[in-house]
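Q: The structure that follows is given in the form of structure tokens.
The values are calculated or read from the model by the stated rules, or taken from the named source; none is laboratory data. This is a predicted model, so every value here is computed, not measured. All Cβ positions, even for glycine, are placed from backbone atoms using ideal geometry, and neighbour counts span all protein chains on display. The protein model used for the area step is the full one, side chains on, heavy atoms only, and it has no ligands, DNA or RNA in it. Shrake-Rupley method; radii C 1.70, N 1.55, O 1.52, S 1.80 Å.
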Amino acid sequence: MVELRPVDKNNIDDVLALEVHDYQKSFVSTVAESLAQAYVYSDNAYPFAVYNDDEIVGFIMMGYYEVKQYYTLWKFLIDKKHQNKGYGRQALALGIKFLKDKFDVDSVYTGVVPGNAVASRLYRSVGFVPTGLIEFGMEELRLECE
């Protein structure tokens with residue numbers, strides 16, 4: 001069963017060891033970079049390790065973007081050994097559920113680097129739609145929550 005767990009002293013080394021395929025590295029931040037941002041923006045960042053049963057398979061970080069005053073899927077990756085097993089879709093649903101349950105959000109935003117067809121397809125398949133904005137080299141997408 002896929003679940004989100006806080007990043008803590010018990011799993012930090014496993015979280016930092018997560019990697020994507022070489023061809024994906026230009027599309028995502030490393031976990032170390034993401035955790036550094038989570039530290040700096042600790043009031044608004046919500047990082048989680050993604051587990052399938054007791055095996056770590058990925059990382060997801062939700063957040064609140066103060067500049068635009070909206071909640072985001074900020075960082076997301078599934079380890080290269082665990083891709084194409086459905087964990088990404090399940091983790092994404094859990095991240096969105098976290099925001100809905102904790103903050104009663106009516107929408108969630110994310111960005112996708114042009115050319116990252118796998119992420120774009122995943123996000124669109126769960127209901128994210130382009131807003132028309134391309135900013136900081138990323139296409140902005142929005143999900144209306146029910």
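Q: Filter the range 35-57 for residues that are part of a strand (DSSP E or B), buried (at least 19 other Cβ atoms within 10 Å of the Cβ) and out of contact with any helix residue (DSSP H, G or I) (no Cβ under 6 Å at 6 or more places or on another chain) and give the result.
A: Those that are part of a strand (DSSP E or B), buried (at least 19 other Cβ atoms within 10 Å of the Cβ) and out of contact with any helix residue (DSSP H, G or I) (no Cβ under 6 Å at 6 or more places or on another chain): TYR46, PHE48, TYR51.
Q: Still on this structure, I have one more. Looking only at the range 58-75, how many residues end up being under 14 Å from TYR123 (Cβ atoms) and either among the basic types (Lys, Arg) or open to solvent by 30 Å² or more (accessible area, probe 1.4 Å) (or both)?
A: Qualifying residue count, the range 58-75: 2.
Q: Considering VAL57, VAL126, which residue is in contact (Cβ under 8 Å) with a residue 24 or more places away in the chain and in contact with a strand residue (DSSP E or B) (Cβ under 6 Å, 6 or more places away or on another chain)?
A: Testing whether each residue is in contact (Cβ under 8 Å) with a residue 24 or more places away in the chain and in contact with a strand residue (DSSP E or B) (Cβ under 6 Å, 6 or more places away or on another chain) leaves just VAL57.
Q: Also: Show the residue pairs meeting these rules: Cβ distance below 9 Å; 6+ apart or different chains; first residue within the range 85-108 and within 18 Å of GLU55 (Cβ to Cβ); second residue of a type in the set (Gly, Ala, Ser) and modelled with pLDDT of 95 or more.
A: Correct list of pairs: TYR87/GLY58; GLY88/GLY58; ALA91/GLY58.
Q: State whether one or more residues within the range 84-102 are assigned to a strand (DSSP E or B) and surrounded by fewer than 15 Cβ atoms within 10 Å (Cβ to Cβ). Break it down into steps so the answer makes sense when it comes.
A: Here is the first cut: in the range 84-102, the ones assigned to a strand (DSSP E or B) are none.
No, the range 84-102 has no match at all.
Q: Moving to a separate point now. Could you pull out the residue among VAL20, VAL28 that is out of contact with any helix residue (DSSP H, G or I) (no Cβ under 7 Å at 6 or more places or on another chain), within 19 Å of ALA119 (Cα to Cα), assigned to a loop (DSSP other than H, G, I, E, B) and open to solvent by less than 80 Å² (accessible area, probe 1.4 Å)?
A: VAL28
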